[in-house]
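This report refers to the structure that appears directly beneath it.
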Amino acid sequence: LPQGQLSILQEKIDHLERLLAENNEIISNIRDSVINLSESVKDGQKNPEAINFSQGSVSELFPSASVLLAVDSEDCLFASKSRSHSLGVQMLDVYDILPFDNPDGGVWKQGFDITYNENEWDSEPLQVFVVPHSHNDPGWLKTFDDYFRDQTQHILNNMVIKLQEDNRRKFIWSEISYFSKWWDGIDTQKKDAVKRLIKDGQFEIVTGGWVMPDEASSHYFALIDQMIEGHQWLEKNLGVKPKSAWAVDPFGHSPTMAYLLKRTGFSNMLIQRVHYSVKKHFAKQKTLEFFWRQNWDLGSSTDILCHMMPFYSYDIPHTCGPDPKICCQFDFKRLPGGRVSCPWRVPPEAIHAGNVQHRAWIILDQYRKKSKLFRTKVLLAPLGDDFRYTESSEWDQQYQNYQKLFDYMNSRPEWHVKAQFGTLSDYFEALHKESNLGEKSSNSFFPVLSGDFFTYADRDHHYWSGYFTSRPFYKRLDRVLESYIRAAEILYSLALVQSSKSEKVNVFPSVDNYKLLTEARRNIGLFQHHDAITGTAKDWVVVDYGTRLFHSIMNVKKVIIDSAHILILKDKSAYHYDTATPFLKM
């Protein structure tokens, strides 16, 4: 056969193999669905009220499948005619079908009007978890050190005091670059208090990487490095291992991050900056919570439960519900007389006995509307913004006013709501419980999704793609340092073994070099931050990052030279170390 025909044959075989894999996937999904349905039917026989299988309820269970169904006592016939259900939600298909139009959605500008029936929660109350957080950029409009001095240290100092005042209060934190710098400067008494707050579930470390990294420009080696740096620090100093991930500010999201989190032992993750058209589509389909699966995974071993926030931003006006004008009135840092106000020109009111009923009802209405976009009666309402909770007064404003609202809501049984402060894992634990996750064959409660969330647009035609290539000198410097670090780690490890074998442990500068390696890992880790490698920080901040990268390149070269020196000698007993005259030059 001529070469051309051979390659056509090869392509056909590849195509057939792909179809075969797809068919296997469809068959196993149908099998799971049949098992689910027959279990539901058995439940229905034990308790006839429990389930009434009409065409409607099946399409709720399998919204993306066109379904043929016959239920006859034990026998279930289920036929799926839809590829999209068999493979779950495939982002490439979503991008094909979206019109990417931008109609005015009313109060939720990029969405639609949400309505509900007041009796919806009669049988099962709405559980609301309000999660206080403070988004701390390790460099953006100020350098890392300036932010720490002016804002971050005060946030963490107040956290220790304010959480201890009331054990119902909660708080989450994600950036270990800041947390470790703060930890190094506090006394033992404070350290013990932090450990106690973590143990009691009032304070949670989420993700626990060195930074909250960019997911487009970073190399996956560096993503892993910064995660290890944070997790090893936590293991050594606090003995904790994070289980829920929180990424509210990277500009688009990558399935590689989901894969790394899953492999790191995470059970849950949250994302926020996704194209507004995708958010609206997912809200309509109730697919904002899904199992994120790798495109190449024919099983489910890479699945991780992911929550996508539905609205424009992670700030308070865009997290309590669809109407920012109302949600802003429940950001109590914006009370009249403060430095920040509501752009919608209706200020918050402090909560007191005279207005608590009305105010509680207004925010409950927002919570209910937001919950209509999800499949369960468990609701997440983040409460925070950039560098929030710096002053003691803000802790009082937010926590005291919200506690009054919670106490009132919870005292009205006919409102069918239980509202409280929570950590991210409190929310996910309640979600797992509510949707029976972890029980046999229950994964079909949430859809499976494969693909990515690039390119991000937050409104109109504002596509965040310039940062893929901007400030290329620094993006290149990142890759150069990464390769040097990898070489240094390998040579240093081998040199350490050699020095102990040849009884030169005291001569080889292992401690100094280890410090240089650690500092280099932390500098490259810092640069994975979503305002660093992206090039979205102020000029002088960029120079600060660049200086750190440059110093680490020089330092890591020293580690390479010192390690290669001992490795290269045939006669190890001749090894001696002299700082002034390095044995090799790079």
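The values are calculated or read from the model by the stated rules, or taken from the named source; none is laboratory data. Source: prediction; values computed, not measured. Glycine also receives a Cβ, built like all others from the backbone with ideal geometry; neighbour counts cover every protein chain displayed. Side chains are part of the model used for accessible areas, which takes the heavy atoms of the whole protein and leaves out ligands, DNA and RNA. Shrake-Rupley method; radii C 1.70, N 1.55, O 1.52, S 1.80 Å.
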inquiry  = If the only charges are +1 at each Lys and Arg Cβ and -1 at each Asp and Glu Cβ, what is the size of the charge dipole of the chain around the Cα centre, to the nearest 20 debye?
reply    = 1160 debye
ask   = Looking at the chain, do any whole DSSP H helices span at least 30 angstrom along their long axis by alpha carbon and average -1.0 or above on Kyte-Doolittle, and which?
value = 3-46, 472-501, 539-568
task = Compute the separation of the alpha-carbon centres of region 99-158 and region 323-369 and state it in Å as a whole number.
result = 15 Å
task = Give the percent of DSSP beta bridges with both residues in the chain that are antiparallel, rounded to the nearest 5.
result = 30 percent
key: Rounded to the nearest 10 Å², the accessible area of residue 192 at probe 1.4 Å   = 70 Å²
query = Taking N as the number of residues in region 351-457, what value does Rg over Cα atoms divided by 2.2 N^0.38 Å take?
reply = 1.33
ask   = Which pairs in the list 195/243; 142/558; 243/279; 280/377 are over 23 Å apart, alpha-carbon to alpha-carbon?
value = 142/558; 243/279
query = Counting only protein heavy atoms and using a 1.4 Å probe, what share of the accessible area of the chain belongs to carbon plus sulfur, as a whole percent?
reply = 53 percent
ask   = Where does the charge balance sit around residue 235 when Lys and Arg score +1, Asp and Glu -1, over other residues with C-beta under 14 Å from its C-beta?
value = +3
query = In terms of Cα to Cα distance under 18 Å, which aspartates and glutamates are near enough to residue 501, apart from those fewer than 8 places away along the same chain?
reply = 562, 571
task = Pop out the Kirkwood hydrodynamic radius of region 438-509 from its pairwise C-alpha distances, inverse of mean 1/r, in Å to one decimal.
result = 18.2 Å
ask   = So what does residue 519 come to for accessible area, using a 1.4 Å probe and Å² rounded to 10?
value = 80 Å²
message = Let me check I've understood the local charge: for residue 365, count other residues with C-beta under 14 angstrom from its C-beta, Lys and Arg +1, Asp and Glu -1. What total comes out?
response = +3
message = What lysines does residue 475 reach when the alpha-carbon gap must be under 16 Å and sequence neighbours fewer than 8 apart in one chain are set aside?
response = 538
ask   = What is the spin-label model distance, in nm, from residue 505 to residue 518 if the labels are put 7 Å beyond Cα along the C-beta direction?
value = 1.9 nm
ask   = Between residue 9 and residue 34, what length in nm is gained on full extension when 0.36 nm per residue of separation is reduced by their alpha carbon distance?
value = 5.3 nm
note = Largest-first ranking of 416, 576 by accessible area, probe 1.4 Å, whole protein assembly kept, is 576, 416
message = Can you find, among 88, 514, 232, the residue sitting farthest towards the positive end of the charge dipole of the chain, where Lys and Arg contribute +1 and Asp and Glu -1 at Cβ?
response = 514
request  = Please compute P(r) over all alpha-carbon pairs of the chain, binned at 20 Å starting from zero, and give each bin as a whole-number percent.
outcome  = 18, 47, 28, 7, 0
Length released on extending from residue 361 to residue 220, taking residue separation times 0.36 nm less the Cα-Cα span = 46.1 nm
task = Extending each Cα 7 Å along its Cβ direction at residue 411 and residue 340, get the distance between those two points in nm, one decimal.
result = 3.0 nm
note = Of 579, 256, ordered by accessible area with the largest first and a 1.4 Å probe, the sequence is 579, 256
request  = Can you tell me the relative contact order of the chain? Whole percent, Cα pairs under 8 Å, sequence separation 6 or more.
outcome  = 19 percent
note = Residues whose modelled amide H sits under 5 Å from the amide H of residue 270, counting only those 5 or more places away in sequence or on another chain, are 245, 246, 247, 307
message = Largest first, please: the extent of the C-alpha atoms of region 470-574 along each principal axis, to the nearest Å.
response = 52, 19, 16
